Amino acid sequence: MTSKRTAHIISHTHWDREWYLPYEKHHVRLENKERLGKYITEGHLLIGPWYILQDAFLTSGEANVRNMQIGHQDSKRYGEPSKIGYFPDTFGLVGQTP
């Protein structure tokens, strides 16, 4: 007997503004901040749960929890933060991830 299963595919993106362009170049790209905020508040884009993109292998479990707490706090300015648990742009997971 074959059972029916549901799969959810969630695309994502992240912004590595810390390392590949100078601050000034990224700042220019933020001129669409109001437009982006509108999409978020209308529910067309989800943000969070993280504050910054961390390397899960180089940070402690405590740092990861605090990163998520700050990310939720920051995201709530636009509505409810994403509750999808993931580490963007990592190459494997550490034991502290759950």
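Grab the Cα-Cα distance for L45 and S11, subtract it from 0.36 nm times how many residues apart they are, and report the gain in nm with one decimal.
Values: separation 34, 0.36 × 34 = 12.24 nm, distance 1.08 nm.
Residue separation times 0.36 nm, minus the Cα-Cα distance, leaves 11.2 nm.
Using alpha carbon coordinates only, what is the Rg to Rh ratio of region 23-77, with Rh defined as the Kirkwood radius?
Rg/Rh for region 23-77 comes to 1.06.
Taking 0.36 nm per residue of separation and subtracting the Cα-Cα distance, what length does fully extending K76 through D55 add?
Contour length minus the Cα-Cα distance gives 5.2 nm.
Given a Förster distance of 41 Å, report the FRET efficiency between E62 and E24 from their Cβ-Cβ distance, rounded to the nearest 0.05.
0.75
Can you tell me the dipole magnitude for region 23-77 around its Cα centre, using point charges on the Cβ only (Lys, Arg +1; Asp, Glu -1), in Debye to the nearest 20?
Roughly 180 debye, rounded to the nearest 20.
Sort S3, S75 from largest to smallest accessible area, using a 1.4 Å probe on the heavy atoms of the protein chains.
Values: S3 75, S75 5 Å².
Of S3, S75, the descending order of accessible area is S3, S75.
Work out the charge dipole of region 23-77 with +1 on the Cβ of Lys and Arg and -1 on the Cβ of Asp and Glu about the Cα centre, then indicate which of G43, Q69, A56 is farthest towards its positive end.
My answer, from the dipole projection, is G43.
The values are calculated or read from the model by the stated rules, or taken from the named source; none is laboratory data. Not measured: the values here are computed from a predicted model. With ideal geometry, Cβ positions are generated from the backbone for all residues, glycine too; neighbour counts draw on all protein chains shown. Protein only, heavy atoms only, side chains kept; ligands, DNA and RNA dropped before computing areas. Shrake-Rupley method; radii C 1.70, N 1.55, O 1.52, S 1.80 Å.
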